[in-house]
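Mind having a look at this structure? Questions to follow.
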Amino acid sequence: MIRSFGANEFWFIVLAAQWTVALSAVAFTGGALGGLAIALARISQTALLRYPAIGYVRLFQGTPLLMQLFLVFFGFNIFNVSMSPWGAAAIALTLHASAFLGEIWRGCIQAVPGGQFEASWALGLKYYDRMRYVVLPQAAKIAVAPTVGFLVQLIKGTSLASIIGFVELTRAGQIVNNATFAPFTVFGLVAALYFILCWPLSLLARNLEQRFSVATRR
Amino acid sequence: MPDAASQVTIQETDPGMPAIRMENVDKWFGHFQALKNIDLEVDRGDKIVVCGPSGSGKSTLIRCINQLETVQRGRIFVDGIELTAGPKNVEKIRREVGMVFQQFNLFPHMTVLQNCMLAPMKVRGVKRAEAEETARRYLARVKIPEQAEKYPAQLSGGQQQRVAIARALCMNPKVMLFDEPTSALDPEMVQEVLDTMIDLAQEGMTMVVVTHEMGFARKVADRVVFMDKGEIVETGDPETFFSNPRHQRTRTFLGQIGGTQ
Ligand SMILES: Nc1ncnc2c1ncn2[C@@H]1O[C@H](COP(=O)(O)OP(=O)(O)O)[C@@H](O)[C@H]1O
Ligand SMILES: [Mg+2]
């Protein structure tokens, strides 16, 4: 029985976007914390922190996000821990985002001129204060644009969670399409919704970048 | 938070010890030896000018004094505390040793005032109001009190370097190190920075200054140290050093920079 594409179908898809947003928000927040830890470990003087962090980044940058999702989802189930698609997607995307943000932010921290580190050492500032007040604020300015760029990738990447059965925007589209066989309408709408989520972020990134470059020039 | 441990150590230091003492210091960068058997003693209140050709190890030498560079051999004492004995001592000493860099290295995202307040508040645990008062006092001393609310990039090079000096002074250091503080400045701004340093010298600060400003050396230095190829070739009071250098290498160098004129 083929249903026609009506208001119900429309709202089903639009409301599913909230799960895309929720998953992106969780993965980005978790990824920001993990990424900061990875970035700091990557530039640490201690080899015991540095090498595991490098390995972690290589692993997650060198494998497809889809495999990461599968491994987390089925991995838990192998150990008889029941894991919902939502939980698996949130964990896998958080791990994924940690690796990528860690690598982006490492580059941003290393782009802060060496003289800034030296001046803060010479003043006797300890690690936390040096990072918190001198290095990270400067790295953050450089990081804004690539970070928002990654967030856009991440939002689009959440569509892969549909494959393990998490009903977000893409999965909702598939469900509606299976019932209505109106793929052009359905996936046109899905794409438009992704665009509405991502495009303002791109604008924001450009805006922030300009604002910060003015701030540093003054 | 006041760091009780450091205060105890400082009280315990022997006032008879020189401000800085380097014994048989060797420093390698990989296979390249940047410092060779350096012996240097700087008494409290002394002003030492270090000069020498580019690449001779002047920066490396003074960067060892606050352990921005670690050394492979020899011992370094600051204020009677041995820096080469471990990282705890390094932390204690860095806050007692102010450093001024060729490139200023002000924190660009902070105002002049914030630059001057950060370390006293975070390292010494000074209260905000007191840190601000101290900062404004030193900014007045380097003659730019009106720039306190500006960002470094809004200042001229000479003003930025004076802020850098004020920032270091706000930590109330026992020793001040200067690494070519005027080399990155436009010529018309050199004098304002030198004047600030001369004031500081006249107030009795212990200073080690890498510079080729021979006028400055003549005026304030107790001793001039000439380095070449990682070695201290010659040390002397400015009068003797400039008028009657002992080594050919020194004479050649002075000829090149016009220091004998
Ligand atoms: N981080 C470093 N790694 C390798 N070589 C260095 C490093 N820093 C300085 N050097 C080398 O050590 C020598 C002395 O450098 P430096 O102390 O900066 O000389 P100066 O300040 O007298 O010009 C130079 O030959 C320089 O190339
Ligand atoms: Mg130098």
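Dividing the alpha-carbon Rg of the range A:136-218 by 2.2 N^0.38 Å yields what?
Taking N as the residue count of the range A:136-218, the ratio is 1.48.
Here's a follow-up. Per residue of the range B:117-123, what does 6.51 cos²θ - 1.76 cosθ + 1.60 with θ = phi - 60° give for ³J(HN,Hα)? Whole Hz please, x for Gly and Pro, Karplus curve as stated.
With coefficients 6.51, -1.76 and 1.60, one gets 8, 4, 5, x, 6, 7, 9 Hz.
Could you pull out every residue, at least 5 positions away or on a different chain, whose amide H is within less than 5 Å of the one on B:Phe178? Hs are placed 1.01 Å off N in the peptide plane, and Pro or chain starts have none.
B:Val100, B:Val208, B:Val209, B:Val210
Same structure again: Taking the Cα-to-Cβ direction at B:Glu23 and at B:Glu203 and moving 7 Å from each Cα, how far apart do the two end points lie in nm?
3.3
Would you grab the residues whose amide H sits under 5 Å from the one on B:Met227? Only those 5+ places off in sequence or on another chain, please, with H modelled 1.01 Å from N.
B:Cys51, B:Gly52, B:Val233
Using the beta-carbon distance between B:Glu188 and A:Arg206 and R0 = 25 Å, what value does 1/(1 + (r/R0)^6) give for FRET efficiency, to the nearest 0.05?
Here the calculated transfer efficiency is 0.05.
Tilt of helix A:47-61 relative to the longest C-alpha principal axis of chain A, in degrees (0 to 90, nearest 10)?
30
Can you tell me which of A:Ile175, A:Ile78, A:Ile104 moves the most in a GNM of chain A? Springs connect C-alpha atoms under 10 Å apart.
Comparing A:Ile175, A:Ile78, A:Ile104 in a Gaussian network model of chain A, the most mobile one is A:Ile78.
Let me ask something else about it. Which distance in nm do the two modelled labels at B:Asp222 and B:Gln72 give, with both placed 7 Å along the Cα-to-Cβ direction?
With each label placed 7 Å out from Cα toward Cβ, I get 3.3 nm.
So, one more: List, in order, the whole-Hz ³J(HN,Hα) value for each residue of the range B:167-179 obtained from phi through the Karplus relation with A = 6.51, B = -1.76, C = 1.60 and θ = phi - 60°; use x for Gly and Pro.
Along the range B:167-179, the couplings run 4, 5, 5, 4, 7, 6, x, 8, 9, 10, 10, 10, 10 Hz.
For the pair A:Ala192 and A:Ala7, how long in nm is the line joining their label points, each one 7 Å along Cα→Cβ?
1.7
Further, regarding this structure: Amide H to amide H under 5 Å from A:Lys126: which residues, 5+ apart in sequence or cross-chain, H placed 1.01 Å off N in plane?
none
Same structure, new question: Residues of the range A:58-93 with the amide nitrogen closer than 11 Å to a label point 7 Å from the Cα of A:Ala22, along Cα-to-Cβ, please.
A:86-87
Roughly how many Å is it from the Cα centre of the range A:143-160 to that of the range A:168-217, as a whole number?
Cα centroid of the range A:143-160 versus Cα centroid of the range A:168-217: 11 Å apart.
So which of A:Lys126/B:Lys150; B:Lys150/B:Lys174; B:Lys27/B:Lys150 end up more than 31 Å apart by C-alpha?
As for pairs spanning more than 31 Å Cα to Cα, those are B:Lys27/B:Lys150.
What's the magnitude of the charge dipole for chain B around its Cα centre, counting Lys and Arg as +1 and Asp and Glu as -1 at the beta-carbon? Answer in Debye, nearest 20.
420
What's the long-distance tail for chain B, i.e. % of Cα pairs beyond 31 Å?
25
With all pairs of different alpha carbon atoms counted, what Kirkwood hydrodynamic radius in Å does the protein assembly as shown show?
Result for the protein assembly as shown stands at 26.2 Å.
Another one. Short version: ³J(HN,Hα) in whole Hz for each residue of the range A:66-82, in order, from phi by Karplus 6.51 cos²θ - 1.76 cosθ + 1.60 (θ = phi - 60°), x for Gly and Pro, what are they?
4, 5, 4, 4, 4, 4, 5, 5, 7, x, 4, 5, 4, 7, 6, 9, 6
Could you pull the Cα extents of the range A:1-103 along its three principal axes, largest to smallest, in whole Å?
Principal-axis extents of the Cα atoms in the range A:1-103, largest first: 63, 28, 21 Å.
Then there's this: Positive end of the dipole of the protein assembly as shown, charges at C-beta (+1 Lys, Arg; -1 Asp, Glu), about the Cα centre: which of A:Ile142, B:Val142, B:Phe178 has its Cα farthest in that direction?
Value: A:Ile142.
Relative contact order, percent, of chain B when contacts are C-alpha pairs under 8 Å separated by at least 6 residues?
Once normalised by length, the contact order is 24 percent.
Could you identify which residue out of A:Gly114, A:Gly149, A:Gly34 has the top mean-square fluctuation in a GNM of chain A using Cα springs shorter than 10 Å?
The residue that fluctuates most here is A:Gly114.
Same structure again: Using Cα centres only, tell me the gap between the range A:2-68 and the range B:98-138 in whole Å.
Rounded to whole Å, the Cα centres lie 39 Å apart.
Can you pull the percent of Cα pairs in the range A:7-217 with separation above 30 Å?
Summing the P(r) of the range A:7-217 above 30 Å gives 34 percent of all pairs.
Coordinate-derived values only; no laboratory data. Owing to the predicted nature of the structure, the values given are computational and were not obtained by experimental measurement. Because the Cβ atoms are built from the backbone with ideal geometry, glycine has one as well, and the counts that use them run over all protein chains shown.
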